[in-house]
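Here the structure is laid out as structure tokens; the discussion comes afterwards.
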Amino acid sequence: MLQCDASGHPKKGSEHGHEMVAIVTLSRRHGGCVRSGVLAALGAASWLSASVVAATAAGAPAGDPAAGRAAFGTCQACHSTTPGRNGVGPTLDDVVGRQAATVGGYNYSPAMRATHITWDGASLNRFLSNPQSVVHGTKMFVAAPNPTTRQNIIAYLATLK
Ligand code: HEC
């Protein structure tokens, strides 16, 4: 658990591992030290890291992965979340952190192959707001125009590891 010194700042040396980094990021954003009660209220660490990935990368409020999972219904017509199972679009399993157009066995458009985007909170936020204006000539023409829904979907995608 993250420890605090007398002034309420995280102690040096108490930050270790991915989740701790995420928690420290969150506590800095709120300008203070996160105590165990707050951490418990925040819920599971996996939820926390997923939301923080989306929030810090996009500079927008953290999305809600559960709401994102429900909203993902609009993507599911074309995208599975199962490794190796491509449909009209490539599988979105493990999409956060990977380079665009790198799913094996999927026939990407030349436009998508030519981008050198790495999918993270910020790039997904831009792409999903208007795919064809971000990747000119992409085969994907469906957007997620609502910013809250988009953040929720991105938070959900970040859980697909
Ligand atoms: C009508 C079908 C369709 C829908 C609905 C759709 N997509 Fe796509 N998506 C595609 C296609 C086709 C591609 C491949 C684009 C290309 O090669 O130009 C793609 C590509 C992507 C990529 C890039 C993947 C990679 O491997 O580089 C992401 C990320 C993505 N879609 C996310 C979403 C999300 C999130 C939604 C829901 C909001 C969604 N898509 C809805 C068809 C769709």
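If you take the beta carbon distance between Ser109 and Ala67 as r and set R0 to 41 Å, what does 1/(1 + (r/R0)^6) give as a FRET efficiency, to the nearest 0.05?
0.85
Under a Cβ-only charge scheme (Lys and Arg +1, Asp and Glu -1), can you give me the dipole magnitude of region 65-157 about the Cα centre, in debye to the nearest 20? Working shown, then result.
On the way: 7 positive and 3 negative charges, 24 e Å.
Charge dipole of region 65-157: 120 debye, to the nearest 20.
What is the sum of charges around Leu160, taking Lys and Arg as +1, Asp and Glu as -1, for the other residues whose C-beta is under 12 Å from the C-beta of Leu160?
+1
Each residue of region 140-145 in order: what ³J(HN,Hα) in whole Hz does its phi give by Karplus 6.51 cos²θ - 1.76 cosθ + 1.60, θ = phi - 60°, with x for Gly and Pro?
After applying 6.51 cos²θ - 1.76 cosθ + 1.60, I find 8, 10, 9, 10, 10, x Hz.
Taken together, the values in this text are just the output of simple stated rules run on the coordinates, not laboratory data. The structure presented is a predicted model; accordingly, all values stated were derived computationally and were not measured. Positions of Cβ are generated from backbone atoms using ideal geometry, with glycine treated the same way; all protein chains shown enter the neighbour counts.
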